[in-house]
Amino acid sequence: MLRKAVAEDPTRGSPPLKIDLVFPRNETYNPSPMFPIVFSYGNPEIIPLFEPIVSYTVWNYSNYNKSVYAELREKPFVNRSSSNPHIEFDYYSYPFNTEGTWELSVHLRWANCYMQPHRERDLEEKARLRRNFTTVGTVVFSTKGPLKQVDLVGATNNETCSTPIGVSVEFTEWKRASGDDRDVNDFEGFSCVVPQSLVEADSAAGPEMNLMEWILRRQEQLKVVPYALGGQTSR
């Protein structure tokens, strides 16, 4: 649900919603006992306005009869006072601990409002909430060679990605909904944003994220110590 608006226009000077697939990329990795799929949510202070829901599907590249994984990540709870990107992730063992080629498709559902023209009984147009479905993109990656824990730092130390997967949603306007619209459309507060544009990720998607800093900071919470940092992996 959308957050309650502050007295001042909440979109004034606001950065865009940015969501990037940080890992994996269109590359080849060693089979790994704990293989991560990592997303970065840029500008976390505006996440509540868009309620982004990321879904992804993993396929065996040689067999599309049944997906390997199909996951849905609900809107994350974030520290809205932080300017650092918010990180969401999943870890998998099988089948990424074996050799193979895999396709990962990412989709995004996000909320915004639009103005419904007035009808015969309505004197004014009304703000309505809707949810968009956007195909973010697809990566094809391989696992080949001896079993070895993925080195996230080494695998993402090149900030420029030739085929980035991500989206950026620009917005410049916000609307205030009436009480009945809020009840019908499940608004939590009084405001929603009108998107200006939807832009694909550029070649430097997510360069602001320092993965080494993130890994070190989240080690204790994850209970995962990557081999690259000199430890053993557990969960």
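If the condition is being free of Cβ contacts under 8 Å to residues at least 60 places away in the same chain, out of contact with any helix residue (DSSP H, G or I) (no Cβ under 6 Å at 6 or more places or on another chain), in a loop (DSSP other than H, G, I, E, B) and not charged (D, E, K, R), then segment 57-81 contributes Ser62, Tyr64, Asn65, Ser67, Val68, Pro76, Phe77, Asn79, Ser81. On the basis of being aliphatic (A, V, I, L, M), modelled with pLDDT of 80 or more, assigned to a strand (DSSP E or B) and closer than 30 Å to Asn30 by Cβ, does Val106 make the cut? Considered against the rule, which asks whether it is aliphatic (A, V, I, L, M), modelled with pLDDT of 80 or more, assigned to a strand (DSSP E or B) and closer than 30 Å to Asn30 by Cβ, Val106 comes out as yes. Output yes when any residue across segment 52-61 is buried (at least 17 other Cβ atoms within 10 Å of the Cβ), over 14 Å from the mean Cα position of the chain (by Cα) and within 16 Å of Thr156 (Cα to Cα), and no when none is. Looking for residues that are buried (at least 17 other Cβ atoms within 10 Å of the Cβ), over 14 Å from the mean Cα position of the chain (by Cα) and within 16 Å of Thr156 (Cα to Cα), one finds none in segment 52-61, hence no.
Please verify whether Ile47 is in contact with a Pro (Cβ under 8 Å, 6 or more places away or on another chain), aliphatic (A, V, I, L, M), within 16 Å of Trp110 (Cβ to Cβ) and touching a residue at least 60 places away in the same chain (Cβ under 8 Å), treating the condition exactly as stated. Criteria not met by Ile47. Give me the residue from segment 120-149 that is surrounded by 19 or more Cβ atoms within 10 Å (Cβ to Cβ) and in contact with a helix residue (DSSP H, G or I) (Cβ under 8 Å, 6 or more places away or on another chain) and, out of that set, modelled with the highest pLDDT. The residue in question is Gln149.
The values are calculated or read from the model by the stated rules, or taken from the named source; none is laboratory data. Only a predicted model underlies this, so the values are computations on that prediction, with no experimental measurement involved. Every residue, glycine as well, gets a Cβ built from its backbone with ideal geometry; the counts of neighbours run over all protein chains shown.
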